[in-house]
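Participant: Below you'll find the structure I mean.
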Amino acid sequence: MVCDLAEAFSRDEIAPIAARMDREATFPMEVHRKAHELGLIGVTIPQEYGGHGLGTTELVLISEAFAHGCVGVATSLGLNPLVTEALVLAGTERQKRTYLGRMADGGFACWGLTEPAAGSDVAGITTRARRVGGDYVINGGKVWITNASLASFILAFAKTDPDAGHKGMTAFLIERDTPGVEVSQPLSKMGQKASPTCEIHFSDVVVPAANILGNENDGFRLAMKSFDKSRPMVGAFAVGLIRRCLDESMGYARERRTMGCAIIDHQVIGHRLADMRIKLEASRLLTLQSAWLADMGQSNTLEASCAKAFACDAAMWAATEAVQIHGGMGYSTEFPVEKLFRDAKILQIYEGTSEIQRNIILREMRK
């Protein structure tokens, strides 16, 4: 039922406007409103806080469907679950009721971790939080923050002990309208243009100690545990994009004729399509396995990284092949595969690059 509802919504509401949202670099708020009304938003928020209490598996199924329509729209629709997981893991009762409730009502949050000099090197963040009485004063900046222009609050990570490396990071819940918080206009990007991505600057931002999420200096561990739940979702974005590449390529290969036959009958094209299907099936199964383990309460760190790395690399490969199968028309904006190509690349970068995933996989193997 979840699959059918999400697939129909993506087909009817997301896919028809995807090209326009890409051209205009605009997030479709009406799509978000309709998805919320249908119960496709806030699915992992526990029921006692206004959500649907579903698992990572359902989130993965919905994310694949949304990404088939437009992975940029899917990214913004799927950002809240990352913040949700951190709140579920470490939030006080007050924090959960306030912030989970706000997201359950259709509000946006954003995840403030990446900095200009700290992407893969999370421990290298330079944003500082200094204790002053019962408050913290935060200074620094973040970049590539998805949904920052839409969010009412920020889950921001700052160094409370600058000399302790990753053990000196703390997570803070910061209202976006707090004095000293400045959110830029959405940045210009190569792909996923429907998903707004901004810079955030903190200038002497005063945050009460009660707004620490979890314990002081425990932010790195909280972020990593949250990624174990969100990386299957990113894998699902890649699965949706691969499926779209295959659908577009199959349709074109049946219609385009060269040398007296449809190009699908040329073995070189047929094998590319077959390989695309192989990578689709493998990516989906890896993603579902990592989600299922999370829902069973089992460790899924290795499996989530396997799913994220394999599926996102496969998505970039599939998008490249889709353009090649379309030939010159694949380079034209008249066909959607050039957008799929642009959208795919960032999947290998955000929420941990493919290289970082391999580091995590090796670390888990050494255990």
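The values are calculated or read from the model by the stated rules, or taken from the named source; none is laboratory data. This one's a predicted model, so the numbers in the text were calculated from it and none came from an experiment. Positions of Cβ are backbone-derived with ideal geometry, glycine not excepted, and every protein chain shown enters the neighbour counts. The area values use the complete protein model at the heavy-atom level, side chains included, leaving out ligands, DNA and RNA. Shrake-Rupley method; radii C 1.70, N 1.55, O 1.52, S 1.80 Å.
Participant: Among the residues of segment 198-210, are any open to solvent by less than 20 Å² (accessible area, probe 1.4 Å) and within 23 Å of Val43 (Cα to Cα)? Break it down stepwise before answering.
Facilitator: Going through segment 198-210, the residues open to solvent by less than 20 Å² (accessible area, probe 1.4 Å) turn out to be 198, 200, 202, 205, 207.
Checking the rest, the ones that are also within 23 Å of Val43 (Cα to Cα) come to none.
Taking every residue of segment 198-210 in turn, none turns out to be open to solvent by less than 20 Å² (accessible area, probe 1.4 Å) and within 23 Å of Val43 (Cα to Cα).
Participant: List the number of the failed condition for Leu173; all other conditions in (1) open to solvent by 10 Å² or more (accessible area, probe 1.4 Å); (2) in contact with a strand residue (DSSP E or B) (Cβ under 7 Å, 6 or more places away or on another chain); (3) closer than 20 Å to Thr84 by Cβ hold.
Facilitator: (1)
Participant: Restricting to segment 95-113, name every residue that is free of Cβ contacts under 8 Å to residues at least 60 places away in the same chain and out of contact with any Leu (no Cβ under 8 Å at 6 or more places or on another chain).
Facilitator: Residues satisfying the conditions are Arg97, Thr98, Gly101, Arg102, Asp105, Gly107.
Participant: Let me ask something else. So which pairs qualify, if the first residue must be in segment 284-304 and under 15 Å from Ser63 (Cβ atoms) and of a type outside the set (Val, Ile, Thr), the second must be at pLDDT below 95 and part of a loop (DSSP other than H, G, I, E, B), the Cβ gap must be under 6 Å, and the two must be at least 6 apart or on different chains?
Facilitator: Qualifying pairs under 6 Å: none.
Participant: Confirm whether Glu37 is of a type in the set (Asp, Glu) and within 20 Å of Leu155 (Cβ to Cβ).
Facilitator: Here the answer is no, as Glu37 does not meet what is asked.
Participant: Taking segment 212-229, which residues are buried (at least 19 other Cβ atoms within 10 Å of the Cβ), assigned to a helix (DSSP H, G or I) and at pLDDT 95 or above?
Facilitator: Once the filter is applied, which keeps residues that are buried (at least 19 other Cβ atoms within 10 Å of the Cβ), assigned to a helix (DSSP H, G or I) and at pLDDT 95 or above, segment 212-229 yields Gly219, Phe220, Leu222, Ala223, Ser226, Phe227, Asp228.
Participant: Still on this structure: Go through segment 112-154 residue by residue and tally those that are within 16 Å of Ser195 (Cβ to Cβ), open to solvent by 10 Å² or more (accessible area, probe 1.4 Å), assigned to a loop (DSSP other than H, G, I, E, B) and of a type in the set (S, T, N, Q).
Facilitator: Of the residues in that region, 2 qualify.
Participant: Now for a separate question. Hey, can you tell me all the residues within segment 312-334 that are of a type in the set (Ser, Thr, Tyr) and either touching a His at 6+ places or on another chain (Cβ under 7 Å) or farther than 25 Å from Leu286 by Cα (or both)?
Facilitator: Step one: list which residues in segment 312-334 are of a type in the set (Ser, Thr, Tyr), which gives 320, 331-333.
Of everything in segment 312-334, those that are of a type in the set (Ser, Thr, Tyr) and either touching a His at 6+ places or on another chain (Cβ under 7 Å) or farther than 25 Å from Leu286 by Cα (or both) turn out to be Tyr331, Ser332, Thr333.
Participant: Being within 25 Å of the chain's Cα centre (by Cα), crowded, with 18+ Cβ neighbours inside 10 Å and basic (Lys, Arg): is that true of Lys189 here?
Facilitator: On the way: within 25 Å of the chain's Cα centre (by Cα): yes; crowded, with 18+ Cβ neighbours inside 10 Å: no; basic (Lys, Arg): yes.
It is false that Lys189 is within 25 Å of the chain's Cα centre (by Cα), crowded, with 18+ Cβ neighbours inside 10 Å and basic (Lys, Arg).
Participant: Does Glu48 fit the bill of being farther than 19 Å from Ser195 by Cβ, charged (D, E, K, R) and buried (at least 19 other Cβ atoms within 10 Å of the Cβ)?
Facilitator: Against the criterion (farther than 19 Å from Ser195 by Cβ, charged (D, E, K, R) and buried (at least 19 other Cβ atoms within 10 Å of the Cβ)), Glu48 does not qualify.
Participant: Quick test for you: out of Gly101, Gly53, Gly106, pick the one residue that is surrounded by fewer than 18 Cβ atoms within 10 Å (Cβ to Cβ), of a type outside the set (Phe, Trp, Tyr) and under 26 Å from Ala15 (Cβ atoms).
Facilitator: Exactly one residue qualifies, and that residue is Gly106.
Participant: Can you tell which of Thr320, Thr333 is open to solvent by 50 Å² or more (accessible area, probe 1.4 Å), part of a loop (DSSP other than H, G, I, E, B) and under 21 Å from His68 (Cβ atoms)?
Facilitator: After applying the criteria, what remains is Thr333.
Participant: Please verify whether Lys189 is in contact with a Cys (Cβ under 9 Å, 6 or more places away or on another chain), at pLDDT 95 or above and closer than 20 Å to Thr353 by Cα, treating the condition exactly as stated.
Facilitator: So Lys189 fails the test.
Participant: Continuing with the same structure: Could you grab the pairs with beta carbons closer than 9 Å, sequence gap of 6+ or different chains, first residue in segment 75-94 and closer than 25 Å to Leu347 by Cα, second one of a type in the set (Lys, Arg)?
Facilitator: Correct list of pairs: Pro81/Lys229; Leu82/Lys229; Thr84/Lys229; Glu85/Lys225; Glu85/Lys229; Ala86/Lys225; Leu87/Lys96.
Participant: Then there's this: I want to confirm something. Restricting to segment 71-88 and keeping residues that are more than 28 Å from Met190 (Cβ to Cβ) and out of contact with any helix residue (DSSP H, G or I) (no Cβ under 6 Å at 6 or more places or on another chain), which single residue is least open to solvent (accessible area, probe 1.4 Å)?
Facilitator: So the residue we want is Thr84.
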